[in-house]
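The values are calculated or read from the model by the stated rules, or taken from the named source; none is laboratory data. The structure displayed is predicted, hence computed values, not measured ones. Cβ: placed from backbone, ideal geometry, glycine included. Neighbour counts: every protein chain shown. Surface areas here come from the heavy atoms of the whole protein model, side chains and all, with no ligands, DNA or RNA. Shrake-Rupley method; radii C 1.70, N 1.55, O 1.52, S 1.80 Å.
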Amino acid sequence: MLRIGGVPEHFNAPWHLMLDEKPGLFDWIDFPGGTGAMLTSLQNGEVDVVVALTEGLVKAKCEGAAIDIVDWYVTSPLLWGIHVATYSSFQKVGDLAHARAAISRPMSGSDLMTEVLRKREQWLSEPMKVTVGNLDGGIKALSEGNADYFLWERFTTQFAVDAGLFRRVGELPSPWPCFAIAIRSDMSAEKRSHFDAIWSDLLPFCRLMHSEPGMAQVLSDRYQISIPLVEEWLSITQWRGRSWHADSLREMVELLKPFGLIKT
């Protein structure tokens, strides 16, 4: 059975809808810890395919990870929220120049986007980073004062803002398409053929995100996000808008270099 990993969030709705219609087609494994956790499992042979943040996959590939990036998944940027604890003394992004950043784990999206934020804000010193594992860990770290700010996907964290666990002081869109697909470099021909068939069959489910009446309600019920937020998110999200090609890795490396994410 092909094992596919991804975050347990709304971006992966097409995969979940596909399994609803075709149960047992593949094993889906949730990774609340995000891209860093997925990369570890992919390289350890615990999963065969991951749906992960582009910057993490490209950085890992450039640093010698035995993975192949095979296609784009979501070709629009990811909108990151910049969060502090509700009662934090930090009032704006500029106040965070010397603050402690919570990250899910090294090479995760929250780690790499913290570097993007530092570059955008022109902060000279690298932030101290506190590894928190996942969103729940980020909430705990900020609430207990063990870290000062935390970057996580803006719509996923809205519940924490509404509940008074976080205060959002800014937003940061990724400067590149946000999700790509990677496989193990040593994937067998049989598994690759199985994946290619699944990948082809997934496309109609991606199209449903924008074409199916009532999809906002379906996603709201499934992921516990309000309908207005789902509609806002759908309006800025594009699945499989273009294909990964021979120059895609090089283009991504050039995008990542100015942010210090690629050292080559």
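Relative to the compact-globule scaling 2.2 N^0.38 Å, provide the ratio for the alpha-carbon radius of gyration of the stretch 128-264.
Details: Rg = 18.7 Å, N = 137, 2.2 N^0.38 = 14.3 Å.
The stretch 128-264 yields a ratio of 1.31.
Give the value in nm², to one decimal: projected area of the alpha carbon convex hull of the stretch 198-264, averaged over all directions. Walk me through the intermediate numbers first.
Working: hull surface 27.5 nm².
Approximately 6.9 nm², given one-decimal rounding.
With unit charges on the beta carbons (Lys and Arg positive, Asp and Glu negative) and the dipole taken about the Cα centre of the stretch 167-264, which residue among Gly170, Ile183, Gln238 sits farthest to the positive side?
Gly170
Given H placed on each backbone N at 1.01 Å, which residues far from Trp176 in sequence or on other chains put an amide H within less than 5 Å of it?
Here Leu78 satisfy the definition.
Counting Lys and Arg as +1 and Asp and Glu as -1, each charge on the Cβ, what is the dipole of the stretch 178-264 about the Cα centre in debye, to the nearest 20?
Details: 10 positive and 11 negative charges, 64 e Å.
Taking the Cα centre of the stretch 178-264 as origin, the dipole is about 300 debye.
Assuming R0 = 41 Å, what is the FRET efficiency of Ala99 and Arg250, from their Cβ-Cβ distance, to the nearest 0.05? Walk me through the intermediate numbers first.
Details: r = 35 Å, r/R0 = 0.84.
Once the sixth-power term is evaluated, E becomes 0.75.
Using square roots of five times the C-alpha gyration tensor eigenvalues, list the equivalent-ellipsoid semi-axes of the stretch 1-42 in whole Å, biggest first.
Numbers: eigenvalues 72, 32, 6 Å².
Semi-axis lengths for the stretch 1-42 are 19, 13, 5 Å.
Within the stretch 9-52, find all residues whose amide N lies under 16 Å from a label point positioned 7 Å from the Cα of Ala197 along Cα-to-beta-carbon.
Zone members listed by number: 19, 22-27.
To the nearest whole percent, what portion of all C-alpha pairs in the chain is separated by more than 33 angstrom?
On the way: 6388 of 34716 pairs.
Every Cα pair in the chain considered, those over 33 Å come to 18 percent.
Please turn the phi angles of the stretch 68-84 into ³J(HN,Hα) values with the Karplus equation 6.51 cos²θ - 1.76 cosθ + 1.60 (θ = phi - 60°), one per residue in order, whole Hz, x for glycine and proline.
10, 8, 10, 5, 6, 10, 10, 9, 8, x, 9, 9, 8, x, 9, 10, 10
Evaluate 2.2 N^0.38 Å with N set to the residue count of the stretch 1-141, then give the Cα radius of gyration divided by it. Please report the intermediate quantities before stating the final value.
Numbers: Rg = 16.6 Å, N = 141, 2.2 N^0.38 = 14.4 Å.
Against the empirical 2.2 N^0.38 Å value, I get 1.15 for the stretch 1-141.
Please report the carbon-and-sulfur percent of the accessible area for the stretch 157-245; probe 1.4 Å, protein heavy atoms only, DNA, RNA and ligands left out.
Details: 2340 of 4480 Å².
Its accessible area is 52 percent carbon and sulfur atoms.
Can you say what percent of the DSSP beta bridges in the chain, counting only those with both residues inside, are antiparallel? Round to 5.
On the way: 23 of 35 bridges.
So the antiparallel bridges amount to about 65 percent of the total.
Each residue of the stretch 238-252 in order: what ³J(HN,Hα) in whole Hz does its phi give by Karplus 6.51 cos²θ - 1.76 cosθ + 1.60, θ = phi - 60°, with x for Gly and Pro?
Result, ordered by residue: 10, 8, 6, x, 7, 9, 5, 9, 4, 9, 4, 4, 4, 5, 5 Hz.
Over its Cα atoms, what ratio of radius of gyration to 2.2 N^0.38 Å does the stretch 80-120 give? Walk me through the numbers on the way to the answer.
Working: Rg = 10.4 Å, N = 41, 2.2 N^0.38 = 9.0 Å.
Rounded to two decimals, the normalised Rg is 1.16.
So what does the Cα-only Debye profile of the stretch 113-178 read at q = 0.17, 0.22 Å⁻¹, as log10 I(q)/I(0), no solvent term?
So the normalised log intensities are -0.67, -1.08.
Show me, for the stretch 198-213, the HN-Hα J-couplings you get by feeding each phi into the Karplus relation (A = 6.51, B = -1.76, C = 1.60, θ = phi - 60°), rounded to Hz, glycine and proline as x.
4, 4, 5, 6, 6, 3, x, 6, 5, 5, 4, 4, 10, 10, 7, x
Given the options Ala182, Ala197, Ala102, state which has the largest fluctuation in a GNM of the chain using a 10 Å cut-off (strictly under) for Cα springs.
Ala197
Accessible area per residue for the chain in Å², computed with a 1.4 Å probe and the full protein assembly in place, what is it?
That works out to 43 Å² for each residue.
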